[in-house]
Amino acid sequence: MYTIPGPVKYVREAGLLEEVGSYIKEFGDSALFIGGKTALSVVEMQVKKSLDAYKIENKGFEWYGGECSWTQVERLSQIVQDKKPQVIVAVGGGKAIDTVKAVAFAEKLPVLAIPTIAATCAAATPIAIMYDDEGTFTEISHRSKAPSLVLVDSDVIAKASYRFLVAGIGDTLAKWFESSASVKKSQPTALNRSAVKLANELYHLLLEKGPSAIETIKQGKVDQSVNDVIDSIILISGSVSGYGGDDCRTAAAHAIYSGLTIFPEVHDTYHGEIVAFGILSQLVLEGKSEEEIRELIAFYQKVELPYTLEDMAIKDLSADDWKRLGDVTVDIEDMANMPFAVTPDMVIHAVQGADQIGRKVKQQ
């Protein structure tokens, strides 16, 4: 049996960046920061002051490259070899953090994570979602290292666009719908049963606190609902995957997300937003009632998640586009976690069905 429930340590606190040096000091005396351009610019001033205060050598701030691709992992690995930091710190969103986790794995160095948005659980998982250099999904890689420490400054999260938190809610909702489907292929165990229960609790917590958290974050403020949603997205969601392991993996919702990334127009829509539409498609695939799907769409409307293809800028797909989507999606490894075989035609029917229900809701 092998399970990784999440990072060794998780800390969430307002103003945490001011003390980041004290946490890094536990792992080494020099640190290289790699992340998104905006993310690095947001944290750089406070981080430099804290590094100076704790006498940690600053090995610099490097852009991760814009895509979590093997090209960028190789480029950054060379930079790490040249600069020889004792610690690598990932800064930013999911793609940036996953890229650095892959670099840390390759270079056998401890990795710390500073998520500047609460949009995925990347900071609390040992896997990396890989793309090609153009942003099309390629694989789920285990050549990736779980962060030893996750540092979440809620003040930083609050200053980011509220859309990131919306996307995080979408991605985290999928834990319930996908784990409850994928676990059907496995024998019940203490781990997978606990994981599914945790995913269900996350689902209900987000239904309860999600709308309030979004309204609060729009004002640049943080309250308990925001803190609960942040913890749910970053830490607890990752723990579902950790405890559930291969029994509770991502399934059709993420496979459909990955399939939709073949369309360039969707690349301005965030991961969790696309996954949210993938959930609706998975529900159609599973034969759920239109009433149940409409109930979930009603929640999407409260937190501004997309529920039609047009919401994600996808319009006028040709017959060839639909065929390509179906063919690509069934080959995504996530789809194999569904408790029944899925064909390309089933994917097309599910995506079209979800979009049709969404469009009907808009017309009312």
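Evaluate the following for Glu74: is it acidic (Asp, Glu), free of Cβ contacts under 8 Å to residues at least 40 places away in the same chain and open to solvent by 10 Å² or more (accessible area, probe 1.4 Å)? It would help to see each step written out before you state the result.
On the way: acidic (Asp, Glu): yes; free of Cβ contacts under 8 Å to residues at least 40 places away in the same chain: yes; open to solvent by 10 Å² or more (accessible area, probe 1.4 Å): yes.
Spelling it out, Glu74 is indeed acidic (Asp, Glu), free of Cβ contacts under 8 Å to residues at least 40 places away in the same chain and open to solvent by 10 Å² or more (accessible area, probe 1.4 Å).
Restricting attention to segment 206-221, does a residue exist that is of a type in the set (Val, Ile, Thr), surrounded by 15 or more Cβ atoms within 10 Å (Cβ to Cβ) and more than 21 Å from the chain's Cα centre (by Cα)? Walk me through it before giving the result.
Residues of segment 206-221 of a type in the set (Val, Ile, Thr): 214, 216-217.
Still in the running and surrounded by 15 or more Cβ atoms within 10 Å (Cβ to Cβ): 214, 216-217.
This time we only want the ones that are more than 21 Å from the chain's Cα centre (by Cα), so: 216.
The answer is yes, given that some residue of segment 206-221 is of a type in the set (Val, Ile, Thr), surrounded by 15 or more Cβ atoms within 10 Å (Cβ to Cβ) and more than 21 Å from the chain's Cα centre (by Cα).
Can you give me the number of residues within segment 181-196 that are without any contact (Cβ under 8 Å) to a residue 12 or more places away in the chain and surrounded by 15 or more Cβ atoms within 10 Å (Cβ to Cβ)?
From segment 181-196, those without any contact (Cβ under 8 Å) to a residue 12 or more places away in the chain are 187-188, 190, 193; that's our starting set.
Subset that is surrounded by 15 or more Cβ atoms within 10 Å (Cβ to Cβ): 193.
Matching residues across segment 181-196 total 1.
For residues that are hydroxyl-bearing (Ser, Thr, Tyr) and in contact with a strand residue (DSSP E or B) (Cβ under 7 Å, 6 or more places away or on another chain), scanning just segment 127-169, find the one that is nearest to Ser22 (Cα to Cα).
Of the residues in segment 127-169, the ones hydroxyl-bearing (Ser, Thr, Tyr) are 131, 136, 138, 141, 144, 148, 154, 161-162.
Still in the list and also in contact with a strand residue (DSSP E or B) (Cβ under 7 Å, 6 or more places away or on another chain): 131, 138, 141, 144, 148, 154.
Working: Tyr131: 34, Thr138: 37, Ser141: 31, Ser144: 25, Ser148: 14, Ser154: 18 Å.
Result: Ser148.
Over 17 Å from Gly170 (Cα atoms), free of Cβ contacts under 8 Å to residues at least 40 places away in the same chain, assigned to a helix (DSSP H, G or I) and open to solvent by less than 60 Å² (accessible area, probe 1.4 Å): which single residue out of Asp321, Asp327 fits that description?
Values: Asp321 fails: free of Cβ contacts under 8 Å to residues at least 40 places away in the same chain.
Among Asp321, Asp327, only Asp327 is over 17 Å from Gly170 (Cα atoms), free of Cβ contacts under 8 Å to residues at least 40 places away in the same chain, assigned to a helix (DSSP H, G or I) and open to solvent by less than 60 Å² (accessible area, probe 1.4 Å).
What is the residue count in segment 13-25 for residues that are open to solvent by less than 40 Å² (accessible area, probe 1.4 Å) and not in a helix (DSSP H, G or I)?
Final tally of qualifying residues: 1.
Inspect segment 282-293 for any residue being in contact (Cβ under 8 Å) with a residue 24 or more places away in the chain, part of a helix (DSSP H, G or I) and within 25 Å of Gly93 (Cβ to Cβ) and give the result as yes or no. Break it down stepwise before answering.
Here is the first cut: in segment 282-293, the residues in contact (Cβ under 8 Å) with a residue 24 or more places away in the chain are 282-286, 290, 293.
Remaining after also requiring part of a helix (DSSP H, G or I): 282-285, 290, 293.
If we keep only those that are within 25 Å of Gly93 (Cβ to Cβ) as well, we get 282.
Yes, because at least one residue in segment 282-293 is in contact (Cβ under 8 Å) with a residue 24 or more places away in the chain, part of a helix (DSSP H, G or I) and within 25 Å of Gly93 (Cβ to Cβ).
The values are calculated or read from the model by the stated rules, or taken from the named source; none is laboratory data. Since we're looking at a predicted model, the values are computed, not measured. Ideal geometry is used to build each Cβ from the backbone, glycine not excepted, and the neighbour counts take in all protein chains shown. Each accessible area value is taken on the protein alone, full model and side chains, heavy atoms only, with ligands, DNA and RNA left out. Shrake-Rupley method; radii C 1.70, N 1.55, O 1.52, S 1.80 Å.
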